[in-house]
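The block underneath contains the structure these notes are about, expressed in structure tokens.
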Amino acid sequence: MTARPARTPFTATAVAALIVGAGLALSGCGPEDVEGAITYDQEFYDQRADYVGEVVTVSAEVEDVISDDGLTIDSFGTDSTMVLYDMDLVEVEEGQLVEVTGTVQAAFDYTTLDDAAEEEFTDDFYQDYEPEPYIDATDVTLVAEE
């Protein structure tokens, strides 16, 4: 009878790889798992000014739908960022995961908006966001949770 060579190292390695792969596949879906999007986290929030003038796609949770003209986003307790968008085009609620695509603007200035929109943006709420970068969105998409 011929003895078979031991294959334990290969088998153990293969099993370990399967276990790690399965663990990754079963990990929870969060903003960092949206393919092609930048995770909206504290690092992105702190570096928003570096993206001014650039089109970005970020994944984040809806913090609040603030009016027909926008929402605020955050993720897991990070500071929020205002997103201007026609909210008639998407139906989202607080806590839902969204993907936002738009141009990062240096600072919100309601006086640059047309007269009809300007009236809506004189509220004290928006004044808190005036000196802050915001996203002028071209698309807000609800991300289906698995």
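The values are calculated or read from the model by the stated rules, or taken from the named source; none is laboratory data. Quantities reported herein were computed from a predicted structural model and do not represent experimental measurements. Here the Cβ is made from the backbone with ideal geometry for all residues, glycine too, and neighbour counts use every protein chain on show. The area values use the complete protein model at the heavy-atom level, side chains included, leaving out ligands, DNA and RNA. Shrake-Rupley method; radii C 1.70, N 1.55, O 1.52, S 1.80 Å.
Just one of the numbered conditions (1) out of contact with any helix residue (DSSP H, G or I) (no Cβ under 6 Å at 6 or more places or on another chain); (2) modelled with pLDDT under 90 is not true of Y110; which one?
(1)
Condition check: at pLDDT 90 or above, outside any loop (DSSP other than H, G, I, E, B) and open to solvent by less than 60 Å² (accessible area, probe 1.4 Å). Does T138 satisfy that? Show your work before the answer.
Numbers: at pLDDT 90 or above: yes; outside any loop (DSSP other than H, G, I, E, B): yes; open to solvent by less than 60 Å² (accessible area, probe 1.4 Å): no.
Answer is no for this residue.
Taking the options G102, G70, G30, name whichever one is of a type outside the set (F, W, Y), modelled with pLDDT under 90, surrounded by 12 or more Cβ atoms within 10 Å (Cβ to Cβ) and under 14 Å from A137 (Cα atoms).
Answer to the check: G70.
Please count how many residues of region 73-99 are small (G, A, S), more than 18 Å from Q42 (Cβ to Cβ) and open to solvent by 50 Å² or more (accessible area, probe 1.4 Å). Before you say what the answer is, go through the steps one by one.
The initial filter retains those residues of region 73-99 that are small (G, A, S), namely 75, 77, 80, 95.
With the extra rule that they be more than 18 Å from Q42 (Cβ to Cβ), the set shrinks to 95.
Then drop every residue that is not open to solvent by 50 Å² or more (accessible area, probe 1.4 Å), which leaves none.
Selection size over region 73-99: 0.
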